[in-house]
1. Looking at this structure, is Asn92 out of contact with any strand residue (DSSP E or B) (no Cβ under 8 Å at 6 or more places or on another chain) and closer than 24 Å to Ile283 by Cα?
2. Limited to the range 204-226, what total is found for residues that are of a type in the set (Gly, Ala, Ser) and assigned to a loop (DSSP other than H, G, I, E, B)?
3. For Val229, state whether it is aliphatic (A, V, I, L, M) and either at pLDDT 95 or above or within 20 Å of Val152 (Cα to Cα) (or both).
4. Taking the range 55-77 only, how many residues are surrounded by fewer than 20 Cβ atoms within 10 Å (Cβ to Cβ) and either in a loop (DSSP other than H, G, I, E, B) or among the small types (Gly, Ala, Ser) (or both)?
5. For the range 155-171, what are the residues that are part of a loop (DSSP other than H, G, I, E, B) and among the charged types (D, E, K, R)?
6. Give me the residue from the range 237-293 that is of a type in the set (D, E, K, R) and in a loop (DSSP other than H, G, I, E, B) and, out of that set, nearest to Trp73 (Cα to Cα).
7. Of the residues in the range 106-154, how many are free of Cβ contacts under 8 Å to residues at least 24 places away in the same chain and under 14 Å from Gly176 (Cβ atoms)?
Amino acid sequence: MKTPMNVLLAFLMVAGFLNAATLLQRTDVVNVSNHATYTWKKTLEEGPWKKNYNFQMFSHRDTLWVFHPDGNWFSADGKDWQKSSLPNALNNLAFLDYVQFNQSILGLGHFEGNIERYVFRSEIYQTYDLKRWSTMALQSNLPKRFFYHPFVFQNKIWIIGGENSQTQFADIWNSGDGVYWQKAKDNLPFGKRSNSRIVTLRNKLYLLNNDVWSSTDGLNWKLETREIVKGKQIFGYEPVVLDNQIWLLGCNRNGQFSSQVLVSSDGRNWREHLAPWSPRGGIAACVHRGKIYMTGGKYGGQDISHPEFVYSNDLWTLEKQ
């Protein structure tokens, strides 16, 4: 029978082989509750995609996918990757997202340019074979905005908030096919906002910014906490759900990048740890075969010590021991 890691470390400390300082440096071993221990492992020093941030990773039909500005890659095990013939349809992935829906992947809109000068088209793309896109609509009534993250709930695609060049929004829309959209509700209680991240945990939606709101129907929302980290503004994280817990990867605080990870089972109470990967934001991550996979991200640009951005393409996994 294997000795639990926390028992082994305690024995080594008593025996004099480890001191407290050494133990605090073991950021690859994570105790997030009284019942489970998780371990970070580096799977690849460099992935085949270019170092970048704000792209996406999916587990789709038991295969890992990286949807990158320069194309798309797939792997069965996270170690051996092949580039797909499927191109990037959305163009600027910092502004729009792909979404998995009914055994397919949809591309919602097409964005060229930047926040100051851009062209947005409401085209809708779909792929089943992940080799080619079909155009579902050259024009749709998809809201003309960006900086939102679509999600699937109750067999529909939903979007909350977002912004355009004039304002942010406080509404929620949904669609049964990705082409025909309707506004489900406006003036939501959390107000105008963009870049909200939404996950589903135990059939409940959690909307994550610096605060957390929850909903069982997408229309009526309850405040869970005004601050995920008291007295801090967090940004740039990627949320995933593993073992009935929400994991926020890359929780940067007050304008400073970090390798912070926060974990919660209810959206109100959050536990934190430092991961062994370099500080970063704009991570791509997903859960695949019971593990968290993550890659990408950027770091720097904050002060004289890190004036330039550093981009990543290493690949890490988190799994339960």
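The values are calculated or read from the model by the stated rules, or taken from the named source; none is laboratory data. Bear in mind the structure is a predicted one, so any value in this text is a computation, not a measurement. No Cβ is skipped: glycine too gets one built from the backbone with ideal geometry, and neighbour counts run over all protein chains shown.
1. no
2. Summing the residues that are of a type in the set (Gly, Ala, Ser) and assigned to a loop (DSSP other than H, G, I, E, B) in the range 204-226 gives 1.
3. It is false that Val229 is aliphatic (A, V, I, L, M) and either at pLDDT 95 or above or within 20 Å of Val152 (Cα to Cα) (or both).
4. 8
5. Selection gives Asp171 alone.
6. If we take residues in the range 237-293 being of a type in the set (D, E, K, R) and in a loop (DSSP other than H, G, I, E, B), then Arg289 is nearest to Trp73 (Cα to Cα).
7. The number of residues fulfilling the criteria is 0.
Residue-by-condition table, conditions (1) surrounded by 17 or more Cβ atoms within 10 Å (Cβ to Cβ); (2) assigned to a loop (DSSP other than H, G, I, E, B); (3) not charged (D, E, K, R):
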| residue | (1), (2), (3) |
| --- | --- |
| Trp173 | yes, no, yes |
| Val179 | yes, yes, yes |
| Gln182 | no, no, yes |
| Phe190 | no, yes, yes |
| Asn195 | no, yes, yes |
| Ile198 | yes, no, yes |
